[in-house]
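Okay, so here's the structure we're looking at.
The values are calculated or read from the model by the stated rules, or taken from the named source; none is laboratory data. This structure is a prediction, so every number in the text was calculated from the model and none was measured. All Cβ positions, glycine included, derive from the backbone under ideal geometry; neighbour counts span all protein chains shown. Side chains included, ligands, DNA and RNA excluded: accessible areas come from the protein's heavy atoms. Shrake-Rupley method; radii C 1.70, N 1.55, O 1.52, S 1.80 Å.
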Amino acid sequence: MTPIYRIDDRPPSSSIALQNMLCDVETATIGHIEHLGFVSDDIRPVFPARAVGTALTVAAPGRDGIVIYKAIDLLLPGDVLVISRVDRDDIACVGGGVATAAKAKGAAAIVIDGPCTDIDELVAIGLPVWCRGRSSKTTNRSFPIGGSVNVPIACGATAVLPGYIVLADNEGVFVADATRMADLAMLAIERQRRSTALRAHLSAGRSIFDFQKEPCP
């Protein structure tokens with residue numbers, strides 16, 4: 001049976017203005033004001049990192065590594081490659097080769113709801129990768145099964161649509177459409193500003209219950 005690779009058209013990339021707005025936003029701040037859009041908390045960065053970009057989604061079954069490279073050929077600078085391991089197996093589909101190719105295309109990061117491999121090489125390459133652990137079992141281009149690119153996927157039990165904005169840092173990964181992300185970014189920036197003022201208030205040995213009584217700086 002001939003493997004079928006479904007490749008849909010990609011939506012527009014996120015605006016530079018929105019990406020700039022998100023540069024200092026923390027996923028944990030969004031966690032105070034939103035309950036949807038968080039990728040599973042066992043999907044962690046390989047090394048401390050943060051990234052913002054537009055989701056290019058991949059549904060990758062089994063040991064087929066071909067679909068990953070088909071997706072890489074479509075990457076634009078600032079994209080985040082978001083991969084759903086649809087079989088939920090222990091096969092690593094991202095290692096040194098994939099990270100090298102994705103970085104060369106200008107990818108901002110890779111997010112996988114499965115393991116990765118070549119940890120030392122990933123660190124040396126420097127492309128941020130969020131994944132669920134590591135594995136010595138890997139995909140291979142000699143096992144064509146099929147797969148899909150730029151389709152709605154579930155990554156870490158969270159819906160990710162092509163073109164969603166991805167915000168990832170050491171605390172986790174959050175995804176949302178551009179309009180919702182812009183709204184949340186404005187709320188998060190204000191909350192972080194107030195949090196900075198609160199930290200200064202508390203470090204002076206003052207009561208948290210007096211903080212709201214003071215005028216905002």
Notebook entry, point to check: Tell me, in nm to one decimal, what length is gained between residue 35 and residue 142 on full extension, where the rule is 0.36 nm per residue of separation less the Cα-Cα distance?
Noted result: 34.4 nm
Notebook entry, point to check: Could you state the number of Å between the C-alpha centres of region 109-124 and region 1-34?
Noted result: 19 Å
Check: Hey, any idea what % of region 119-174's accessible area is carbon plus sulfur with a 1.4 Å probe?
Finding: 51 percent
Margin query: Let me check I've understood the local charge: for residue 76, count other residues with C-beta under 12 angstrom from its C-beta, Lys and Arg +1, Asp and Glu -1. What total comes out?
Written below: 0
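In square nanometres and to one decimal, what's the mean projected area of the convex hull around the Cα atoms of region 92-217?
Working: hull surface 46.5 nm².
For the Cα atoms of region 92-217, the hull's average projected area reads 11.6 nm².
For residue 180 and residue 69, FRET efficiency with R0 = 30 Å and r from the beta-carbon atoms, rounded to 0.05?
Details: r = 31 Å, r/R0 = 1.04.
That gives a FRET efficiency of 0.45.
Which net charge results when you count Lys and Arg as +1 and Asp and Glu as -1 among the other residues whose beta-carbon is under 12 Å from that of residue 54?
Working: positive: 10; negative: 79, 177.
Net of charged neighbours comes to -1.
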Margin query: What is the angle, in °, between the Cα long axis of helix 178-203 and the longest principal axis of the Cα atoms in the chain? Nearest 10 is fine, range 0 to 90.
Written below: 40 degrees
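Just to be sure I follow the rule: in the chain, considering lysines 8 or more places apart or on different chains, how many pairs have Cα atoms under 23 Å apart? Write out the running numbers ahead of the final one.
On the way: 70/103; 70/105; 70/137; 103/137.
Count of close lysine pairs: 4.
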Margin query: Can you give me the Kirkwood hydrodynamic radius for region 47-134, using every pair of distinct Cα atoms, in Å to one decimal?
Written below: 12.6 Å
Next item on the list: First measure r as the distance between the Cβ atoms of residue 18 and residue 120, then evaluate 1/(1 + (r/R0)^6) with R0 = 35 Å and state the FRET efficiency to the nearest 0.05.
Entry: 0.55
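Carbon and sulfur together cover what percent of the accessible area of region 10-76 at a 1.4 Å probe radius? The partial results should precede the final answer.
Details: 1750 of 3010 Å².
The value for region 10-76 is 58 percent carbon and sulfur by accessible area.
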Notebook entry, point to check: Solvent-accessible area per residue for region 4-58 at a 1.4 Å probe radius, Å²?
Noted result: 54 Å²
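Equivalent ellipsoid semi-axes for the chain, as square roots of 5 times the alpha carbon gyration tensor eigenvalues: give them largest first, rounded to whole Å.
Numbers: eigenvalues 258, 61, 40 Å².
So the three semi-axes of the chain are 36, 18, 14 Å.
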